[in-house]
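J.: Below is the structure I would like to discuss, written out as structure tokens.
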Amino acid sequence: MKKIICGAAAFALLATAAVAEPAAPGSVFIKSQTADEYLAKDHLIGIKVKGPDGTIIGDVEDLIVTDGNTVVGIVMGTGGFFSVGEKKVGVQLSALKFEETAGVLSVTLPEATKAAIDAAPAFERAQPKKSLLERAKEKAIELRDKTTTSTQDAVEKAKPALEEAKQKAAEAYEKAKEAATPAYEKAKEAVQGAVDAAKPAETPAPATPAPAPAAPATPAPAPATP
């Protein structure tokens, strides 16, 4: 047996003091899990609870946490078949016995006789369980927020590359423009030369011919002989 975890010590890593003032940045985030810590979802939620004779009587479905972030108990599902007809009971943390052997955690409820479980009241939630529609709406909002954040992050990260690409494109355009100018001028001159060569040679206008001399006057008829 590696160690025995009992009472509130089993959940000490989950119990935190209420925060009265904003925490400093260095005390907000946890970088990694240490060797003496475990994740409830991986190591506790869903674990089988055994009775005093070692038989399985239920499983841990949830934790009961106060508004001061202190774990005071668990919600255990017992009886039923594939959750059909299952009864949920709340169990005090102090009533559970935790043992860890070779890295495997086991939970025992020594007081869990069949008569005690049958007589225990069903656990009542203070608030109704969220419906499938409510959970779907929350998931949609979560995905929307994550997508928006990811898109904004991608745009911000891409801005330097876009600006650099725009600058390089402008420089390439100016260089191409400079390189093309001489060729353009030469082509322009060649076209103008071809146009000039195609024009017909100018010929002088023909001189206006001199007017023809006037015809001699017709002589008068001779007088008649008497």
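J.: Mind listing whichever residues of the range 120-135 are surrounded by 11 or more Cβ atoms within 10 Å (Cβ to Cβ) and not in a loop (DSSP other than H, G, I, E, B)?
T.: Glu134, Arg135
J.: Hey, another quick one. Within the range 120-163, how many residues are under 22 Å from the mean Cα position of the chain (by Cα) and of a type outside the set (Ser, Thr, Tyr)?
T.: Count: 23.
J.: Regarding the range 169-188, can at least one residue be identified that is at pLDDT below 85, of a type in the set (Ser, Thr, Tyr) and not in a helix (DSSP H, G or I)?
T.: Taking every residue of the range 169-188 in turn, none turns out to be at pLDDT below 85, of a type in the set (Ser, Thr, Tyr) and not in a helix (DSSP H, G or I).
J.: Of the conditions (1) touching a residue at least 24 places away in the same chain (Cβ under 8 Å); (2) under 40 Å from the mean Cα position of the chain (by Cα), Ala176 fails just one. Which one is it?
T.: (1)
J.: Restrict the check to the range 112-119 and report whether at least one residue is in a loop (DSSP other than H, G, I, E, B), under 25 Å from Val49 (Cβ atoms) and within 37 Å of the chain's Cα centre (by Cα).
T.: No: the range 112-119 contains no residue that is in a loop (DSSP other than H, G, I, E, B), under 25 Å from Val49 (Cβ atoms) and within 37 Å of the chain's Cα centre (by Cα).
The values are calculated or read from the model by the stated rules, or taken from the named source; none is laboratory data. No experiment lies behind these values; they were computed from the predicted model shown. Virtual Cβ from ideal backbone geometry, glycine too; neighbours counted across all protein chains shown.
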